[in-house]
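Read the structure below first, then the notes.
The values are calculated or read from the model by the stated rules, or taken from the named source; none is laboratory data. Quick caveat, the model's predicted, so the values are computed rather than measured. Quick reminder, even Gly has a Cβ in these numbers, built from the backbone with ideal geometry, and neighbours come from all protein chains shown. Quick note on the areas: whole protein, heavy atoms, side chains included, nothing else; ligands and nucleic acids left out. Shrake-Rupley method; radii C 1.70, N 1.55, O 1.52, S 1.80 Å.
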Amino acid sequence: MMSSVVRGCRRLVFTAPQLTRTVASKQVKGKRSEQRHHKVKVKLDKQEVEIRRGMTAAALATAMNKDFDHVLEALLNTAIDSDSLEPHSVLEEKWIKEVVTRSGMKFKYAKLTEIKERPNRDVQRRPPASPPLLSPRPPVVTIMGHVDHGKTTLLDSLRKSQITASEAGGITQHIGAFLVQLSSGESITFLDTPGHAAFSSMRARGADATDIVILVVAADDGVMNQTVESIQHAKRAEVPIIVAVNKCDKHQSDPHRVKKELLAHDVVCEEFGGDVQAIHISALKGDNLLALTEATVALAEVLELRAEFTGAVEGLVIESRTDKGKGPVATALVQRGTLKRGSLIVAGKSWAKVRYLFDEHGCPVTEATPSCVVQVVGWKELPSAGEEILEVESEQRAREVVEWRTHTEEQQRLDTEKSLIETKQQQHLLEYKQEREGLNHLSWRQRKAALYRQNKTKFSQRASEKTHKDQLSLPVIIKGDVDGSVETLLNILESYDAQSQCLLELLHFGIGDVSENDVNMAETFTGSIYGFNVGASKAIQQLASRRGVELKLHTVIYKLIDELKDELSSKLPPLTTENVIGEASVLAMFDVSVGKRKVPVAGCRVQKGTLDRRHKFRLMRGRETVWEGSLAALKHHKDEVQSVKAGMECGLSADGDVDFTAGDVIVCYEEVNAPQVTSWDPGF
């Protein structure tokens with residue numbers, strides 16, 4: 001029985017070899033165990049660092065997700081001089097590998113990626129057509145000149161309509177395009193541009209789209225600012241000019257003076273030996289309009305205006321707007337080809353499959369030939385005024401063109417941002433070098449300690465404890481009826497140069513009536529909404545009123561700008577000015593007992609004005625201000641008085657410890673708050 005137990009124990013011992021080895025090692029000294037413990041090594045995943053030749057120390061630190069000082073520490077006790085190492089220093093390949101290895105990381109070479117250039121998918125104008133394919137076309141004539149010189153009235157008389165009455169304030173605020181049939185059977189497409197100073201971009205666009213410019217100059221006013229600007233636009237576009245001297249029916253008119261003034265701007269009329277025709281007219285009474293149209297037709301014949309009526313359409317967006325029933329609508333001038341319903345056209349980053357064409361009267365038409373102006377419906381996005389219109393063969397091609405143009409614009413934006421970033425980096429690098437110039441003689445450890453001492457208080461404050469100067473600001477939202485109006489308003493806002501007084505922030509701009517989103521955005525940023533020739537429903541007006549959003553709608557542009565200037569001025573703190581009420585000279589100084597203390601009193605004579613104890617006082621000793629404050633008492637003889645007039649003597653004591661001296665001057669003044677006005681001058 002006992003032997004069987006022993007045998008069982010032996011079997012148990014041999015089935016547990018690890019236990020046996022442990023006992024044997026303790027009992028038998030000097031004997032090596034036959035089997036050793038095998039240590040289990042845990043495999044650690046090392047961080048991989050992408051390296052490349054010619055890396056700078058700063059680039060290597062960024063790749064390792066470390067700072068520059070870590071690279072310096074890794075290069076200690078090596079052949080490289082770490083004290084002379086800077087972030088922009090280029091490291092050799094072996095030192096790059098050494099830094100990565102010493103940091104417990106492994107390296108791999110960065111793959112060289114080849115950037116494939118995207119093929120150009122843009123659409124271009126066709127080459128000029130051969131002469132046999134060209135046919136005569138009507139001239140495109142632009143009416144230009146100073147505001148209120150009679151441009152729209154002239155066009156009104158030519159086509160026997162009432163345009164001027166429909167323009168707010170009696171001034172043209174859009175580019176109007178009309179086809180006028182003359183009694184002689186000739187057709188002329190007229191463009192009427194605004195004359196107000198704010199609409200410079202519209203006038204420039206009108207000059208670019210035209211064959212002839214009729215420069216309207218009032219015979220009683222002469223050459224004005226917008227007259228000169230119109231001449232400059234016409235000369236830049238290399239367009240011939242016909243001068244229409246208007247308002248010749250007035251008694252104070254002087255057409256000869258107008259033509260002499262034009263000489264100063266290189267517009268030489270035929271009367272002075274030049275080639276510019278000058279016609280004396282009265283647009284209001286219709287006098288001599290036939291001579292003006294004959295001069296226009298004659299000049300058009302000399303220019304031999306011809307165009308190709310077949311092939312892909314080419315044109316220009318004159319104006320664009322969003323219509324409630326039609327969606328995005330663009331006013332287009334056809335320059336080549338025939339635009340028809342169903343045509344696929346591209347303008348800028350927008351394209352359209354033409355659904356409808358309307359003339360200037362809103363009547364539908366089936367096609368538009370060169371020199372015709374039509375309203376195009378069917379745009380996917382609203383095109384910008386001034387964009388070139390080109391026809392494509394399919395919807396897929398139109399999308400490709402728009403995608404390519406969007407891509408190109410994005411790349412240009414990225415390039416611009418990249419250049420700005422590089423400029424900022426160079427600036428920071430220069431600042432970094434200047435900061436370390438005085439520390440170059442130190443070792444890297446001493447330099448690190450010195451920089452720590454310099455910057456240890458830079459970020460010590462919590463964000464809640466940091467104070468920032470509150471900058472006055474006016475966030476605005478701009479809404480306009482057409483693209484040209486919005487463009488004009490944005491150009492005006494770009495001229496804002498009073499940012500030091502009040503920051504003018506453009507939150508959003510768009511075309512169409514004021515929407516709920518506009519009100520929500522204005523409420524979020526505590527801004528105002530300015531609308532030009534747009535409306536706001538009663539619900540939107542009530543919503544804006546409930547939320548405290550200023551909603552300012554105008555139909556005349558200069559009134560809108562005036563109200564914007566008023567709101568900017570209202571944001572500014574009032575200017576405090578001093579108004580001197582009276583002056584007195586100190587004749588003597590004496591003490592008066594009041595209770596147990598002595599009060600210094602100055603005996604004075606009022607030289608001018610009045611001393612009134614309700615106002616503030618200043619004690620002047622020569623040109624130096626000794627004291628400012630209020631009076632404790634003012635007496636004439638022994639009586640307490642409220643004021644003392646010029647020529648009278650008085651005694652006064654200051655509210656505080658003041659040392660009066662004979663010869664001092666006491667000035668009585670009041671502070672007046674006057675409203676401050678913005679210094680911004682938009683030019684009109």
task: Hey, could you check the range 601-657 for residues that are part of a loop (DSSP other than H, G, I, E, B) and of a type in the set (Lys, Arg) and say which is farthest from ALA588 (Cα to Cα)?
output: ARG614
message: Consider the range 573-594. How many of its residues are open to solvent by 80 Å² or more (accessible area, probe 1.4 Å), in contact (Cβ under 8 Å) with a residue 40 or more places away in the chain and of a type in the set (Asp, Glu)?
response: 1
message: Considering only the range 428-447, I want to know if a residue exists there that is hydroxyl-bearing (Ser, Thr, Tyr), modelled with pLDDT under 85 and more than 18 Å from LYS552 (Cα to Cα).
response: yes
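Test of understanding: among ALA278, ALA307, which residue is assigned to a strand (DSSP E or B) and surrounded by fewer than 21 Cβ atoms within 10 Å (Cβ to Cβ)?
When all the criteria are applied, what remains is ALA307.
Within the range 472-497, which residues are of a type in the set (Val, Ile, Thr) and either under 14 Å from the mean Cα position of the chain (by Cα) or open to solvent by 30 Å² or more (accessible area, probe 1.4 Å) (or both)? Don't jump to the end; show me each part of the working.
Quick first cut of the range 472-497, residues of a type in the set (Val, Ile, Thr) only: 476-478, 482, 486, 488, 492.
Residues satisfying the conditions are VAL476, ILE477, ILE478, VAL486, THR488, ILE492.
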message: Among the residues that make up the range 642-659, is at least one of them β-branched (Val, Ile, Thr), touching a strand residue (DSSP E or B) at 6+ places or on another chain (Cβ under 7 Å) and at pLDDT below 90?
response: yes
message: Can you pull out every residue in the range 351-391 that is open to solvent by less than 70 Å² (accessible area, probe 1.4 Å), on the phi < 0 side of the Ramachandran plot and in a loop (DSSP other than H, G, I, E, B)?
response: ASP359, GLU360, CYS363, THR369, PRO370, CYS372, LEU382, PRO383, SER384, ALA385, GLU387
field: Tabulated pairs, the range 45-58, first open to solvent by 90 Å² or more (accessible area, probe 1.4 Å), second assigned to a loop (DSSP other than H, G, I, E, B), C-beta under 8 angstrom, 6+ apart or interchain
entry: LYS46/GLY104; LYS46/MET105; GLU48/MET105; GLU50/ALA110; ARG52/ALA110
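Scan the range 145-156 and tell me whether some residue there is under 30 Å from ALA398 (Cα atoms) and at pLDDT 80 or above. Working first, answer last.
Here is the first cut: in the range 145-156, the residues under 30 Å from ALA398 (Cα atoms) are none.
No, every residue in the range 145-156 fails to be under 30 Å from ALA398 (Cα atoms) and at pLDDT 80 or above.
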- request: Would you check if there is a residue in the range 110-119 being modelled with pLDDT under 85 and surrounded by 10 or more Cβ atoms within 10 Å (Cβ to Cβ)?
  value: yes
- prompt: Which strands (runs of 3 or more DSSP E) does the range 174-246 wholly contain that include 2 or more residues that are over 21 Å from GLN375 (Cα atoms) and modelled with pLDDT of 85 or more?
  reply: 212-218, 241-246
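If you take the residues in the range 138-157 that are in a helix (DSSP H, G or I) and among the polar types (S, T, N, Q), which one is most open to solvent (accessible area, probe 1.4 Å)?
Going through the range 138-157, the residues in a helix (DSSP H, G or I) turn out to be 151-157.
Next, from what is left, pick out any that are among the polar types (S, T, N, Q): 152-153, 157.
Numbers: THR152: 15, THR153: 38, SER157: 22 Å².
Once the filter is applied, the top-ranked residue is THR153.
Listed residues ASP655, ASP639; which is surrounded by fewer than 17 Cβ atoms within 10 Å (Cβ to Cβ), within 24 Å of ASN579 (Cα to Cα) and among the charged types (D, E, K, R)? Spell out the reasoning first.
On the way: ASP639 fails: within 24 Å of ASN579 (Cα to Cα).
Answer to the selection: ASP655.
Does the range 118-126 contain at least one residue that is without any contact (Cβ under 8 Å) to a residue 12 or more places away in the chain, of a type outside the set (Phe, Trp, Tyr) and over 14 Å from ALA63 (Cα atoms)? Outline the logic, then answer.
Step one: list which residues in the range 118-126 are without any contact (Cβ under 8 Å) to a residue 12 or more places away in the chain, which gives 119.
Imposing the further condition that a residue be of a type outside the set (Phe, Trp, Tyr) reduces the set to 119.
With over 14 Å from ALA63 (Cα atoms) added as a condition, the list becomes 119.
Checked the range 118-126: at least one residue is without any contact (Cβ under 8 Å) to a residue 12 or more places away in the chain, of a type outside the set (Phe, Trp, Tyr) and over 14 Å from ALA63 (Cα atoms).
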